[in-house]
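Take a look at the structure set out below.
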Amino acid sequence: MHPQDLSSLSDEQLLNLCKKSSEEQVAKCVEILINRHYRRLYNYLYRMLPDSEAVEDIIQEAFFRIFKNAYRYKRTAKFTTWMFKIATNLALNELRRRRTHQSTPLDAQLDDEGARFLESLPSNEEAPIERLSKEELQNIIDEILEALPPDFRAVLLLCDMENMSYQQVAETLGLKHGTVGSRLCRARQLFAFYFTHRYKSLLR
């Protein structure tokens, strides 16, 4: 198949083609898929783990595993869901290895969670929102995301920034549908709690 024809194929078709193609054609399929999804995956992973070198390593390992295990891919699942599942698991494993965060118990009261969450963060002077640039505001958002427990962070990013459905997030994280909803609700509450307490003047 001509390279131009390959680029017109869907992600799922390209991955299935990898199961029965020559090494040269597989390499072309891999290149197309990486080019399609690299930036989106990098941006997501960098918010999960703000370390450029680690993110690059995770992306490389994720695509290696994707094509090594292409024969396991089921056409009933979207390629991007499978890709995010592999990449997210690698990112969570790296975060656990670093032990930079401790997961907050899901059955704890929000007030207790919020208090511990807020106390763990450095203090900062409030600044009116009109005095903040887009870059500064984005830095605030990134800081809050980094402070969230990793499991909550993943759900929040996948639902609210990657616009995945609850079902897709459940498949990506290996959770029940209802667990995605409750964890997302708690993640949003924690995010709002921190934002409103530390940056009250931003909301005026």
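The values are calculated or read from the model by the stated rules, or taken from the named source; none is laboratory data. Since the structure is predicted, the reported quantities are computational estimates derived from the model, not experimental observations. Every residue, glycine as well, gets a Cβ built from its backbone with ideal geometry; the counts of neighbours run over all protein chains shown.
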Looking only at residues that are more than 27 Å from A91 (Cβ to Cβ) and part of a helix (DSSP H, G or I) in region 19-47, which one is modelled with the lowest pLDDT? E23
Hey, does region 121-132 have a residue that's within 19 Å of R188 (Cβ to Cβ), surrounded by 13 or more Cβ atoms within 10 Å (Cβ to Cβ) and at pLDDT below 75? yes
Quick one: N16 ticks every box in (1) surrounded by 13 or more Cβ atoms within 10 Å (Cβ to Cβ); (2) modelled with pLDDT of 90 or more bar one, so which box is it? (2)
From the set of residues in region 152-185 that are surrounded by fewer than 21 Cβ atoms within 10 Å (Cβ to Cβ) and of a type in the set (D, E, K, R), which is farthest from D51 (Cα to Cα)? K176
Long-range neighbours under 7 Å by Cβ, at least six apart or interchain, first residue under 22 Å from Y38 (Cα atoms) and part of a helix (DSSP H, G or I) within region 70-81, second modelled with pLDDT of 80 or more and small (G, A, S): none
Take region 164-183 and flag every residue that is over 11 Å from the mean Cα position of the chain (by Cα) and not in a helix (DSSP H, G or I). S165, G174, L175, K176
Can you confirm whether region 48-64 contains a residue that is over 28 Å from D151 (Cα atoms) and part of a helix (DSSP H, G or I)? no
All positions within region 26-39 that are in contact (Cβ under 8 Å) with a residue 40 or more places away in the chain and more than 12 Å from F79 (Cβ to Cβ): V26
